[in-house]
Amino acid sequence: MAGGRDRGDLAARQLVFLLPEHLKDASKKKKKSSLLFVKLANPHSGEGATYLIDMCLQQLFEIKVFKEKHHSWFINQSVQSGGLLHFATPMDPLFLLLHYLLKAGKEGKYQPLDQVVVDDTFPDCTLLLRFPELEKSLRHVTEEKEVNSKKYYKYSSEKTLKWLEKKVNQTVVALKANNVNVGARVQSSAYFSGGQVSRDKEEDYVRYAHGLISDYIPKELSDDLSKFLKLPEPPASLTNPPSKKLKLSDEPVEAKEDYTKFNTKDLKTGKKNSKMTAAQKALAKVDKSGMKSIDAFFGAKNKKTGKI
Amino acid sequence: MKNPEEAADGKQRIHLRPGSLRGAAPAKLHLLPCDVLVSRPAPVDRFFTPAVRHDADGLQASFRGRGLRGEEVAVPPGFAGFVMVTEEKGEGLIGKLNFSGDAEDKADEAQEPLERDFDRLIGATGSFSHFTLWGLETVPGPDAKVHRALGWPSLAAAIHAQVPED
């Protein structure tokens with residue numbers, strides 16, 4: 001790259017990626033490409049998201065992007081704006097199939113798998129049908145029957161909730177092992193017995209794990225799972241503070257705020273906006289499309305679990 | 001109506017160039033605690049690297065007159081770091097990805113081929129097992145967000161592991 005033509009922003013964008021180590025060997029045996037980045041439907045939102053598929057090992061990987069404000073990379077003899085770090089982590093492809101089974105399940109009848117996994121917007125979902133192991137795991141979420149040696153499947157909400165409960169349980173184990181801080185509450189040990197603290201903590205772990213799993217299922221199913229796990233509703237007093245009575249007065253109403261402050265704010269806001277250059281705007285657009293921000297993993301869940 | 005670019009985007013595949021992960025040369029990475037608004041070549045070894053000092057307090061450097069404090073961060077176990085670059089659009093892929101005439105390839109032809117004309121390539125140009133994380137005036141420390149992010153792979157492994165049998 002040294003001495004190369006200076007292309008400024010036109011230089012090819014360098015992506016910093018963390019990939020499972022074994023993928024190095026995946027491309028060793030075969031010279032034909034078996035690793036593909038494809039656009040598939042995100043099972044939570046239904047929108048397009050980028051996934052990595054290893055067609056040889058028949059493995060699916062989720063792409064998550066870690067982005068922190070005001071960061072950039074030096075890479076060898078170059079600078080890369082944005083400071084993004086991409087993760088490709090193994091993903092259970094059953095979450096993707098569940099997205100289609102839920103749709104087909106509304107008809108309430110048995111169907112062959114190749115009629116369930118159909119998507120005009122994301123036709124590459126059919127690549128998942130080349131995973132033989134995946135068909136074996138369908139029993140976790142469907143009732144199946146066989147006619148003339150062909151298999152038919154119908155979505156089962158009972159089985160799915162049991163499967164998701166197991167997912168939550170193994171996630172709780174990992175949260176504890178990783179010492180993830182799941183509760184924002186500050187508790188004084190002087191006021192609580194060990195047992196009570198332990199019980200409250202357990203609920204926080206389950207709630208946090210439920211939030212993580214909810215990234216892979218639609219909201220409706222997430223609510224059903226919450227009930228299935230017997231997670232209590234947040235206390236009503238916290239969400240609905242008692243409203244104050246309106247104070248009435250005979251005195252004439254006078255302006256209490258200096259509205260010129262807002263003008264000042266607008267000017268400041270304008271200044272802030274003008275600082276963002278065209279390059280930064282373009283970068284912001286590119287980076288966000290099709291990729292889920294890992295901030296959602298850390299920030300949003302903390303908000304959910306935080307209690308006042 | 002969708003524009004052709006968008007329509008293609010939903011169906012376009014990006015193939016990882018075979019062998020590029022294994023063949024990627026070691027790369028040196030620094031994560032800086034500031035916005036650099038352009039992506040371009042930079043004389044890092046000429047101006048930044050010589051100024052990095054390693055003393056009892058750890059790594060120190062400066063960038064545009066601001067003091068930086070750094071630490072080495074390892075890639076999570078089981079993972080490898082790569083710098084990836086997407087290759088230019090427009091190059092036809094047919095024939096390019098088939099680097100040998102193995103009999104194995106014939107078996108693949110029974111199914112729809114994975115490569116199409118409008119697909120694109122991405123390849124690894126560098127690999128790394130650790131990088132230097134810099135904080136502005138202070139060492140990032142264990143509370144840095146990037147450390148929490150690096151814990152994601154082990155959580156993801158638990159979420160996506162197969163459930164135990166009944």
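The values are calculated or read from the model by the stated rules, or taken from the named source; none is laboratory data. Keep in mind the model is a prediction, meaning the values are calculated, not measured. Here Cβ is always computed from backbone atoms with ideal geometry, including for glycine, and neighbour counts include all displayed protein chains. Please note that ligands, DNA and RNA were not included when accessible areas were found on the heavy atoms of the full protein model with its side chains. Shrake-Rupley method; radii C 1.70, N 1.55, O 1.52, S 1.80 Å.
Tabulated values for the structure
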quantity	calculated
When residues of the stretch B:109-166 are limited to those that are farther than 25 Å from B:P33 by Cα and in a helix (DSSP H, G or I), the one farthest from the other protein chains (Cβ to nearest Cβ)	B:E109
Conditions (1) outside any strand (DSSP E or B); (2) within 7 Å of chain B (Cβ to nearest Cβ): number failed by A:A104	(2)
Of all residues in the stretch B:108-148 being within 26 Å of A:G211 (Cβ to Cβ) and touching an Asp or Glu at 6+ places or on another chain (Cβ under 8 Å), the one that is least open to solvent (accessible area, probe 1.4 Å)	B:V146
A:L127 assigned to a helix (DSSP H, G or I), crowded, with 21+ Cβ neighbours inside 10 Å and at the interface with chain B (Cβ under 9 Å from one of its Cβ atoms)	yes
Residue that is nearest to the chain's Cα centre (by Cα), among those in the stretch A:48-74 that are within 7 Å of chain B (Cβ to nearest Cβ) and not in a strand (DSSP E or B)	A:E68
Complete set of residues in the stretch B:14-50 that are facing chain A (nearest Cβ under 7 Å), assigned to a loop (DSSP other than H, G, I, E, B) and modelled with pLDDT of 90 or more	B:A27, B:K28, B:P33, B:C34, B:D35, B:V36, B:L37, B:V38, B:S39, B:A42, B:P43, B:F48
Residue satisfying all of: in the stretch B:51-75; assigned to a loop (DSSP other than H, G, I, E, B), more than 7 Å from chain A (Cβ to nearest Cβ) and under 20 Å from B:A144 (Cβ atoms); least open to solvent (accessible area, probe 1.4 Å) among these	B:V52
Sole residue being of a type in the set (A, V, I, L, M, F, W, C) and more than 9 Å from chain B (Cβ to nearest Cβ), chosen from A:L98, A:L85	A:L98
Residue count for the stretch B:92-140, restricted to those that are modelled with pLDDT under 85 and at positive phi	1
Residue match in the stretch A:107-121 (condition: facing chain B (nearest Cβ under 8 Å) and either outside any helix (DSSP H, G or I) or touching a Cys at 6+ places or on another chain (Cβ under 7 Å) (or both))	yes
Residues of the stretch A:138-156 satisfying the condition of being open to solvent by 10 Å² or more (accessible area, probe 1.4 Å), closer than 14 Å to A:L94 by Cα and among the hydroxyl-bearing types (S, T, Y)	A:Y155
Given (1) farther than 25 Å from B:F118 by Cα; (2) touching a Ser or Thr at 6+ places or on another chain (Cβ under 9 Å); (3) modelled with pLDDT under 95, number of the condition A:K31 does not satisfy	(1)
Residue match in the stretch A:75-89 (condition: in a strand (DSSP E or B), open to solvent by 10 Å² or more (accessible area, probe 1.4 Å) and over 24 Å from B:A42 (Cα atoms))	no
